Structures are given as structure tokens and as C-alpha cells.
Amino acid sequence: MADDSIEHIKDPKAAEEFDDSKSMVNSQILDMIAALEKTVIDNPKELASAGLALAISQTACIALQDVTDHARRVHMLSEAAFARVLTDPNHADKDQTIAMAEAASSSAIASLSKVSETAAALLASLPRP
């Protein structure tokens, strides 16, 4: 049966006599392959542009996820530093610890803002279909 199911691909005349009920390959898949071939042949630049836009948008999303995770981790560490200072009022470097935690949080927020703005500008510059 496997040989019969792909015979129409090898021989165009066999395609006319092809019985979809005996095939392991659904005719909708074959139609999709034909449409994809037509798209690639008829619009290679449009297809390449769409692929590039997809790659750029995925990269922007990953960058946003990474910077968000970074900001979340820095925020948790800053909260831990604040908690440490609050639980030990005699902590020797209290002011320095608070200042460093605030600076780390501010830096993470600035990074999140910059990456977000850059990603938004990049995505806005992509061609629309």
C-alpha cells in the first residue's frame, strides 16, 4: 500500500487515477504542498520577507522575555536585601545595601524599558501584509 500511496507523486498520470481512500497521505496535504510550491515559485521575495519578519518578531519576543525575567530576578534580590536590612536594624552597611538594591532595581527597569522600546520600534518597522 505504501508504494501505491506515493505513486502519484512519481508519475503525473498516476495522479489522475489516485484513490485517496487507499493513501496514507491525505489529499489536503497534497493540496497544501502544491499551494506552497506555487507560493515559493510565484512570490519568493514575499515569502523571504515574511520569513524574515517572523524571525525578527520571534527574536524581539525572546529579548522581551529575557529582560522581563532579568527584571523579575533583580527585583526579588532587591526585596531580599531590603528584608535583610529590615530584620537587622544594626546591620553595618544598611545605607549602602539599600542604595545598591535601589540602583539594581532602577537599572533592571531601565533595561526593560529600553528593550521594550527597541522591540516595539523594530516590530513597527516590519512590512505589513
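Details
- For Ala53: the one exception among (1) at pLDDT below 80; (2) within 23 Å of the chain's Cα centre (by Cα): (1)
- Screening Arg128 with (1) in a helix (DSSP H, G or I); (2) charged (D, E, K, R); (3) modelled with pLDDT under 90 gives one miss only, at (1).
- Set Ala80, Ala71: member being surrounded by 10 or more Cβ atoms within 10 Å (Cβ to Cβ), in contact with a helix residue (DSSP H, G or I) (Cβ under 6 Å, 6 or more places away or on another chain) and in a helix (DSSP H, G or I): Ala71
- With respect to (1) among the hydrophobic types (A, V, I, L, M, F, W, C); (2) under 28 Å from Ser125 (Cβ atoms); (3) modelled with pLDDT under 90, the lone exception for Met24 is condition (2).
- Unmet requirement for Asp93, which otherwise passes all of (1) modelled with pLDDT under 95; (2) touching a helix residue (DSSP H, G or I) at 6+ places or on another chain (Cβ under 7 Å): (2)
- Residue satisfying all of: in region 86-129; over 36 Å from the mean Cα position of the chain (by Cα) and among the charged types (D, E, K, R); surrounded by the most Cβ atoms within 10 Å (Cβ to Cβ) among these: Lys94
- Restricting attention to region 47-61, the residues that are of a type outside the set (S, T, N, Q) and surrounded by 13 or more Cβ atoms within 10 Å (Cβ to Cβ) add up to 5.
The values are calculated or read from the model by the stated rules, or taken from the named source; none is laboratory data. Bear in mind the structure is a predicted one, so any value in this text is a computation, not a measurement. Note that we place each Cβ from the backbone using ideal geometry, even for glycine, and neighbour counts take in every protein chain shown.
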